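> Let me begin by handing over the structure; questions about it come next.
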Amino acid sequence: MTRPLRVVLIDDDATDLTLAEEGFSQLESPVMLTGYQGGESAISAMQRSGAAVPDVILLDINMPKMNGFDVLKVLKADARLRLIPVVMLTSSSNTGDIAQAYSLYASSYVIKSASFATFVEQIEGLVQFWLKAQSVTWPEQISPMSHTRL
Amino acid sequence: MPSSPASDSEPFSSLAERLQEITEALAATHTERDVIEIVLTPAVQALGAVAGIVLRIDHTDQQMKIAGSQGYEDVTRTIWQEGPIEDHQLIADILHMHQAMYFEHAGALKAAYPELESRTGGRAAIANAALPMFLDGQPLGVIVLDFTEPHYFTAAERRFLTILANQCAVALGRVEALRTLEAQVEERTRQLEEERAALEIFVTFTEAVGSQTDVKVLVRQAMTLLEETCDVEVAHVEREGELFKATEWNPSADAALLPRLQRGFTLQTSGIARLLQQNTAAFIDHWQQTPLLFEESAIFQAVAGYPYFVADELQSVLFMGTRRSATWTERDKRIFRAVCRSLDLALDRARQAQALTAQRDVLDARTRALSLANEELAAFSSSVSHDLRTPVRHMLGFLRLARQSLDGRLDEKSARYLDVVEQSGRQMDTLIDAMLDLAHAVQQPFRPQQVDLNKLLELIRKGLLPDLLTHNVQWEVDSLPSVQGDWDALKQVLIQLTENALKFTRTRDPAIIHIWAEDQGEAWGVFVQDNGLGFDPRYQDRLFNMFQRLHSVQEVPGTGVGLASVRRLILKHGGQVFAEGQLGQGATFGFTLPKTSPKD
């Protein structure tokens, strides 16, 4: 383990982002969390040449303009970004949403708990899982490469 | 001088030959003209006459009429002129006596019938033979031969002429019979053709009656049928308040009559009105002699009407009138009744079809409204899950963070207040969950199948209620039937009812929960009884309402959505829900399920 897990969180709601940041700050394992308030800004930041890509992306569904599924489609159409696991982190318990997320190759689907304590447990679980899981970005950061769109 | 028979006439043997030829020729004739020509030509030739004429009696007016002549320069200037038989004394006499008359010398005829020339203005010939023609004892007419010379009629000639007259009569009779027969055949053919046409119209009408639901078209077709089969004028009038006004009429309607029909008239006092009010077809012969419905109808000699009642009130009448006869024939009446009755049935059917269409439209509108409501519900539940949950989550999250940062610095009171905030937040979250469950339950597709309630209940008891089984529960479960229903829906219903029973018996030791079923014939009744808190029967009706609670959250946790979902799910099955209870004495909840699936 050479570095903290890099997590990108995409959520339109500033309060949600703050709450999530608070939650992540209470975790035992160090996490480098980058929050984006919209899909466009997150995607363009990650697509920038030389940008350090995250180890896991946490993605909300219900967002104005590009919603979570739109963002997911763009990510999975990008040759470099498609390799990054995407976890849907949302308040929607709609079965249609869950089905659509997996159809678009989301790696996991977590319904945000109303209780903060439980929520912290949820993100703790996620971080622990992705710390242990094998991915193309972990434990070594992949070298920056010119990305091509499919 | 009379001509001698030897020089001027042929012997009978030669005459007989001619008769033979005439007989043969007559056999091939079909018209009166041919018969007369065949008879006159040889008669004139054989006897050396100058002219001949045949007069026939018209039996309708007893007039003599010229049927044919030969040899006259101007047939109107003879003494053999058309007119009443009794005016022509000579003809009257020979017909009366059944005997021919022969006048052989100049003046002989004038001597016998002096007034003949002056009356007719013609001149008598020198000699004449006048023979009557009879057929079956009935006088047919006369044959006359005129001679410019005196002529002595030999016995052979007289015999020849007598036979000729008889043959002519027979031939004329035959022609007449033939003509009558032809006319009869023609008439019958025409009648058959008419009946066939009428039948065709009837068939068309009957077919239309079976499929057409446009009242106007049906009335129009019935009217056309009557016009074409009975040669009548027809109008259809409908009630408009106290007046009856024409809605349909035949195109050739009378110029004075039509405006009157359109303006409307009352149907109260006249004879035809009384008959119609009694709901029977009315046929009025000699119309013009009855108190008329209105003056303009006097153009008709006979009028008929057929009443149409809707809900015991005379609603419309189909009238027909004829100008050609003062009486209705049986055929007219039969056709009128048949057509009008068919129309009655068709109108009835059309009204029912219209009512059905209206009902279907209402149902369609309701279905559209329902599906819209469903869509709205789906949108609402999605919105609830996203938009309502988020602030609750934020509230609870930041409350927790606030507690953490205030750690140790909270006084007891503030800590209690924050507890209340947190409890409320959690309750709100529970309510949102319940609402989503309800929306979800209602939107689920209904898939009926055979569901074994024993199996279902066993599954629920074993797997789904461990956290509620913290107290001593005594289960009394009877054998349950296998029912027709949706597995998931019935599972949710039974979970809800058993969970309720467990929740409301938390304070009981032991809690007794009795579950049983009753065969109610058409349906199964399923009951869940507990010995718990019960409820005030005054509020029994509200139990299954959304968010309705009869106990405080502190007393019994819950959202007031569970029984509302139960009701909706059971209604989807075509069943009913019910509850019985007394405060403090337990409750019985139950539902019915039809034995046949509502989709069958």
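> Within the range A:17-43, which residues are away from chain B (no Cβ under 14 Å) and open to solvent by 40 Å² or more (accessible area, probe 1.4 Å)?
A:Glu28, A:Pro30, A:Met32, A:Leu33, A:Thr34, A:Tyr36, A:Gln37, A:Glu40, A:Ser41
> I would also like to ask the following. Being buried (at least 17 other Cβ atoms within 10 Å of the Cβ) and out of contact with any strand residue (DSSP E or B) (no Cβ under 9 Å at 6 or more places or on another chain) is the filter here, so list the residues in the range B:302-340 that pass it. Quick ask: steps written out before the conclusion?
Initially, the range B:302-340 is screened for residues buried (at least 17 other Cβ atoms within 10 Å of the Cβ), giving B:302-308, B:314, B:316-322, B:328, B:332, B:335-336, B:339-340.
If the condition is that a residue be buried (at least 17 other Cβ atoms within 10 Å of the Cβ) and out of contact with any strand residue (DSSP E or B) (no Cβ under 9 Å at 6 or more places or on another chain), then B:Ile335 is the only one that fits.
> Also, I was wondering about something else. Please give the number of the condition A:Gln100 fails out of (1) open to solvent by 40 Å² or more (accessible area, probe 1.4 Å); (2) in a helix (DSSP H, G or I); (3) free of Cβ contacts under 8 Å to residues at least 24 places away in the same chain; (4) within 14 Å of chain B (Cβ to nearest Cβ).
Looking at each condition in turn, A:Gln100 falls short on (3).
> Which one is most open to solvent (accessible area, probe 1.4 Å), of the residues in the range B:239-257 that are aliphatic (A, V, I, L, M), touching a Gly at 6+ places or on another chain (Cβ under 9 Å) and without any contact (Cβ under 8 Å) to a residue 24 or more places away in the chain?
Step one: filter the range B:239-257 for residues aliphatic (A, V, I, L, M), giving B:243, B:246, B:253, B:255-257.
This time we only want the ones that are touching a Gly at 6+ places or on another chain (Cβ under 9 Å), so: B:243, B:246, B:257.
Within this subset, residues satisfying the condition of being without any contact (Cβ under 8 Å) to a residue 24 or more places away in the chain are B:243, B:246.
Values: B:Leu243: 61, B:Ala246: 16 Å².
Across the range B:239-257, the extreme among qualifying residues is B:Leu243.
> Take B:Phe544 and decide whether it is assigned to a loop (DSSP other than H, G, I, E, B) and closer than 30 Å to B:Gln450 by Cβ.
Details: assigned to a loop (DSSP other than H, G, I, E, B): yes; closer than 30 Å to B:Gln450 by Cβ: yes.
Yes.
> Would it be correct to say that A:Leu27 is touching a Leu at 6+ places or on another chain (Cβ under 7 Å) and either part of a loop (DSSP other than H, G, I, E, B) or hydrophobic (A, V, I, L, M, F, W, C) (or both)?
On the way: touching a Leu at 6+ places or on another chain (Cβ under 7 Å): no; either part of a loop (DSSP other than H, G, I, E, B) or hydrophobic (A, V, I, L, M, F, W, C) (or both): yes.
No; evaluated as a whole, the condition is false for this residue.
> B:Arg426 versus (1) more than 9 Å from chain A (Cβ to nearest Cβ); (2) surrounded by fewer than 16 Cβ atoms within 10 Å (Cβ to Cβ); (3) basic (Lys, Arg): which is the lone unmet condition?
Single failed check for B:Arg426: (1).
> Test A:Leu75 against the criterion of being in contact with a Lys or Arg (Cβ under 7 Å, 6 or more places away or on another chain), surrounded by 18 or more Cβ atoms within 10 Å (Cβ to Cβ), aliphatic (A, V, I, L, M) and more than 30 Å from B:Ser405 (Cβ to Cβ), and give yes or no. I'd like the intermediate steps shown before the answer.
Numbers: in contact with a Lys or Arg (Cβ under 7 Å, 6 or more places away or on another chain): yes; surrounded by 18 or more Cβ atoms within 10 Å (Cβ to Cβ): yes; aliphatic (A, V, I, L, M): yes; more than 30 Å from B:Ser405 (Cβ to Cβ): yes.
When the stated conditions are applied, A:Leu75 passes them.
> For the range B:309-329, give me each residue that is free of Cβ contacts under 8 Å to residues at least 60 places away in the same chain, of a type in the set (Asp, Glu) and either part of a strand (DSSP E or B) or within 18 Å of B:Leu226 (Cβ to Cβ) (or both). It would help to see each step written out before you state the result.
Of the residues in the range B:309-329, the ones free of Cβ contacts under 8 Å to residues at least 60 places away in the same chain are B:309-312, B:325-329.
Filter once more, so that each one left must be of a type in the set (Asp, Glu): B:312.
Within the range B:309-329, no residue meets the criteria.
> What is the number of the single condition among (1) more than 13 Å from chain A (Cβ to nearest Cβ); (2) modelled with pLDDT under 85 that B:Val384 does not meet?
Tallying (1) more than 13 Å from chain A (Cβ to nearest Cβ); (2) modelled with pLDDT under 85, B:Val384 fails exactly one: (1).
> Considering only residues of the range B:258-297 that are among the hydrophobic types (A, V, I, L, M, F, W, C) and more than 22 Å from B:Asp332 (Cα to Cα), which is most open to solvent (accessible area, probe 1.4 Å)? I'd like the intermediate steps shown before the answer.
At the first step, the residues of the range B:258-297 found to be among the hydrophobic types (A, V, I, L, M, F, W, C) are B:258, B:261, B:265, B:267, B:272-273, B:275-276, B:281-284, B:287, B:292-294.
Pick out the ones that are also more than 22 Å from B:Asp332 (Cα to Cα) and you get B:258, B:261, B:265, B:267, B:294.
Numbers: B:Leu258: 36, B:Leu261: 13, B:Phe265: 7, B:Leu267: 3, B:Phe294: 17 Å².
The extreme case among them is B:Leu258.
> Tally the residues that are farther than 29 Å from A:Pro30 by Cα, in contact (Cβ under 8 Å) with a residue 40 or more places away in the chain and within 14 Å of another protein chain (Cβ to nearest Cβ), restricting the search to the range A:63-97.
So the answer is 1.
> Still on this structure, I have one more. Could you check, for the range A:44-62, whether at least one of its residues is more than 14 Å from every other protein chain (Cβ to nearest Cβ), under 13 Å from the mean Cα position of the chain (by Cα), modelled with pLDDT under 90 and open to solvent by less than 60 Å² (accessible area, probe 1.4 Å)?
In the first step, residues of the range A:44-62 are kept if they are more than 14 Å from every other protein chain (Cβ to nearest Cβ); the result is A:44-59.
With the extra rule that they be under 13 Å from the mean Cα position of the chain (by Cα), the set shrinks to A:46, A:53-59.
Filter once more, keeping what is modelled with pLDDT under 90: A:53.
Subset that is open to solvent by less than 60 Å² (accessible area, probe 1.4 Å): A:53.
Yes, that holds for at least one residue.
> Please verify whether B:Thr60 is of a type in the set (S, T, N, Q), assigned to a helix (DSSP H, G or I) and at negative phi, treating the condition exactly as stated. Give the steps one after another, and end with the answer.
Values: of a type in the set (S, T, N, Q): yes; assigned to a helix (DSSP H, G or I): no; at negative phi: yes.
Spelling it out, it is not the case that B:Thr60 is of a type in the set (S, T, N, Q), assigned to a helix (DSSP H, G or I) and at negative phi.
> Checking the condition open to solvent by 60 Å² or more (accessible area, probe 1.4 Å) and of a type in the set (Gly, Ala, Ser), which residue from B:Ser414, B:Ser371, B:Ser381, B:Ser405 passes?
The conditions single out B:Ser405.
> Let me ask something additional. Does the range B:161-182 contain at least one residue that is within 60 Å of the chain's Cα centre (by Cα), under 21 Å from B:Asp61 (Cβ atoms) and open to solvent by 80 Å² or more (accessible area, probe 1.4 Å)?
Within the range B:161-182, one or more residues are within 60 Å of the chain's Cα centre (by Cα), under 21 Å from B:Asp61 (Cβ atoms) and open to solvent by 80 Å² or more (accessible area, probe 1.4 Å).
> Quick check on the range B:435-454. Is at least one of its residues surrounded by fewer than 14 Cβ atoms within 10 Å (Cβ to Cβ), modelled with pLDDT of 90 or more, assigned to a helix (DSSP H, G or I) and assigned by TED's automatic domain parsing to the domain that holds B:Trp516?
Checking the range B:435-454: not a single residue is surrounded by fewer than 14 Cβ atoms within 10 Å (Cβ to Cβ), modelled with pLDDT of 90 or more, assigned to a helix (DSSP H, G or I) and assigned by TED's automatic domain parsing to the domain that holds B:Trp516.
> Can you give me the number of residues within the range A:103-122 that are within 12 Å of another protein chain (Cβ to nearest Cβ), touching a helix residue (DSSP H, G or I) at 6+ places or on another chain (Cβ under 9 Å) and either outside any helix (DSSP H, G or I) or of a type outside the set (Gly, Ala, Ser) (or both)?
First pass over the range A:103-122, keeping only residues within 12 Å of another protein chain (Cβ to nearest Cβ): A:111-120, A:122.
Still in the running and touching a helix residue (DSSP H, G or I) at 6+ places or on another chain (Cβ under 9 Å): A:111-117, A:119-120, A:122.
If we keep only those that are either outside any helix (DSSP H, G or I) or of a type outside the set (Gly, Ala, Ser) (or both) too, we end up with A:111-116, A:119-120, A:122.
Summing the residues that are within 12 Å of another protein chain (Cβ to nearest Cβ), touching a helix residue (DSSP H, G or I) at 6+ places or on another chain (Cβ under 9 Å) and either outside any helix (DSSP H, G or I) or of a type outside the set (Gly, Ala, Ser) (or both) in the range A:103-122 gives 9.
> Can I ask one more? Is the range A:5-16 home to any residue that is open to solvent by less than 40 Å² (accessible area, probe 1.4 Å), assigned to a helix (DSSP H, G or I) and within 11 Å of chain B (Cβ to nearest Cβ)?
Taking every residue of the range A:5-16 in turn, at least one turns out to be open to solvent by less than 40 Å² (accessible area, probe 1.4 Å), assigned to a helix (DSSP H, G or I) and within 11 Å of chain B (Cβ to nearest Cβ).
The values are calculated or read from the model by the stated rules, or taken from the named source; none is laboratory data. None of the values given here were measured: they were computed from a predicted structure. With ideal geometry, Cβ positions are generated from the backbone for all residues, glycine too; neighbour counts draw on all protein chains shown. We work out accessible area using only protein heavy atoms, side chains counted, and drop any ligands, DNA or RNA first. Shrake-Rupley method; radii C 1.70, N 1.55, O 1.52, S 1.80 Å.
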